[in-house]
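Read the structure below first, then the notes.
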Amino acid sequence: MFAALAGALALAGAAAPLLTSEELRRVPAPEATQGVAVDAAHVYAVANSTIAKYDKTTGERLAAWSGDPATFPHLNSCGVVGAELVCASSNYPKTPMTSTVEVFDPARMVHLRSIPLGHGHGSLTWVERRDGFWWACFANYDGRGGEPGRDHSFTTLVKYDDAWREARTWRFPETVLARFAPSSSSGGAFGPDGRLYVTGHDRPELYVLTIPDDGEVLVHVATVAVPMEGQAIAWDALQAGVLWGISRAGRQLVATRVPAIASDRETP
């Protein structure tokens, strides 16, 4: 399957992914249009204004939250942080681009609070908690949802402290930006190896990045072919090396095993 996928990418004029992953299972989920979150016992399918909770073992739909689309027009991704479900949200495709972080109680599937980030680097698509900081990606687009003077190359990773004060920013490397175009990064999560694993909007590819000690451009380490078409991702809480994503076309939550990346691997 993935050999054919790599060949198709090559025929489309793109360099074939360096590595391939192993698809493990699919869970049907009508809400799987934006992304997925995972905890020990559950997977969560994320749509624009809805989050559905599924039993990770059986695939049974257990509960759901739905919000007013006027208030929650575009949930982009969610992640389990401690006992909370932390989600990136924006007003896409409206402009000027504004963003919020929305926090939920996954046990009761209720909304707890909003953290407004306002108008800044772009449209918030994913947020991660690591090493005592918040890491947030702001998308920019060539067309619909973009602002004048910005295109996909303005996609930015921002590091925040606990008070959501900006500490540092990074740009994405050209090798990854070229694969984002004309959209941006829709998903991102720190892997078990400490690297940052990022998806675009619709390509079945996973970009492995490291954060440099110096400099403002992330380092592209590898690309992995995956059985999900971009969108938000999440690492399994219990199974090492297992990454969840979605198939938007199939309305499915997809689990895949990502190969270990050699410590000395670098993009040519």
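The values are calculated or read from the model by the stated rules, or taken from the named source; none is laboratory data. Computed from a predicted structure; not experimentally measured. Backbone-built Cβ (ideal geometry, glycine too); neighbour counts: all protein chains shown.
Of the residues Arg203, Arg265, which is farther than 21 Å from Tyr44 by Cβ, at pLDDT 95 or above and among the basic types (Lys, Arg)?
None of the others qualify; the one that does is Arg203.
From the list Glu147, Glu174, Glu128, which one is within 22 Å of Thr223 (Cα to Cα) and out of contact with any Phe, Trp or Tyr (no Cβ under 7 Å at 6 or more places or on another chain)?
Among Glu147, Glu174, Glu128, only Glu174 is within 22 Å of Thr223 (Cα to Cα) and out of contact with any Phe, Trp or Tyr (no Cβ under 7 Å at 6 or more places or on another chain).
Looking at (1) part of a strand (DSSP E or B); (2) touching a Gly at 6+ places or on another chain (Cβ under 7 Å); (3) over 24 Å from Asp39 (Cα atoms), which is the one condition that is false for Arg203?
(1)
Tally the residues that are within 22 Å of His74 (Cα to Cα), without any contact (Cβ under 8 Å) to a residue 60 or more places away in the chain and crowded, with 17+ Cβ neighbours inside 10 Å, restricting the search to the range 161-188.
The total comes to 2.
Which numbered condition trips up Tyr92, out of (1) surrounded by 21 or more Cβ atoms within 10 Å (Cβ to Cβ); (2) aromatic (Phe, Trp, Tyr); (3) not in a loop (DSSP other than H, G, I, E, B)?
(3)
Taking strands (runs of 3 or more DSSP E) that fall entirely within the range 18-71, which contain at least 2 residues that are at positive phi and crowded, with 19+ Cβ neighbours inside 10 Å?
Here the list is empty.
Counting only residues that are without any contact (Cβ under 8 Å) to a residue 40 or more places away in the chain and of a type in the set (D, E, K, R), which one in the range 110-135 is nearest to Gln34 (Cα to Cα)?
By that ranking, first place goes to Arg113.
Report, ordered by the first and then the second residue, all pairs with beta carbons closer than 6 Å, sequence separation of six or more or different chains, a first member in the range 235-252 that is within 21 Å of Glu31 (Cα to Cα), and a second member that is of a type in the set (Ser, Thr, Tyr) and at pLDDT 95 or above.
So the pair list comes out as Leu243/Thr256; Arg248/Thr33.
Quick check, is Phe138 touching a residue at least 12 places away in the same chain (Cβ under 8 Å), closer than 19 Å to Ser90 by Cα and surrounded by 13 or more Cβ atoms within 10 Å (Cβ to Cβ)?
Answer is yes for this residue.
For the range 158-199, enumerate the residues that are of a type in the set (Phe, Trp, Tyr) and part of a strand (DSSP E or B).
Let us first name the residues in the range 158-199 that are of a type in the set (Phe, Trp, Tyr), namely 160, 164, 170, 172, 180, 190, 197.
Tyr160, Trp170, Phe190, Tyr197, listed by residue number.
Quick check, is Val198 among the β-branched types (Val, Ile, Thr) and either within 15 Å of Val127 (Cα to Cα) or touching a His at 6+ places or on another chain (Cβ under 8 Å) (or both)? Outline the logic, then answer.
Details: among the β-branched types (Val, Ile, Thr): yes; either within 15 Å of Val127 (Cα to Cα) or touching a His at 6+ places or on another chain (Cβ under 8 Å) (or both): yes.
In short, yes.
Working carefully through the options Ile211, Ile246, Ile261, find the one that is of a type outside the set (Ser, Thr, Tyr), buried (at least 24 other Cβ atoms within 10 Å of the Cβ) and out of contact with any helix residue (DSSP H, G or I) (no Cβ under 6 Å at 6 or more places or on another chain).
Ile246
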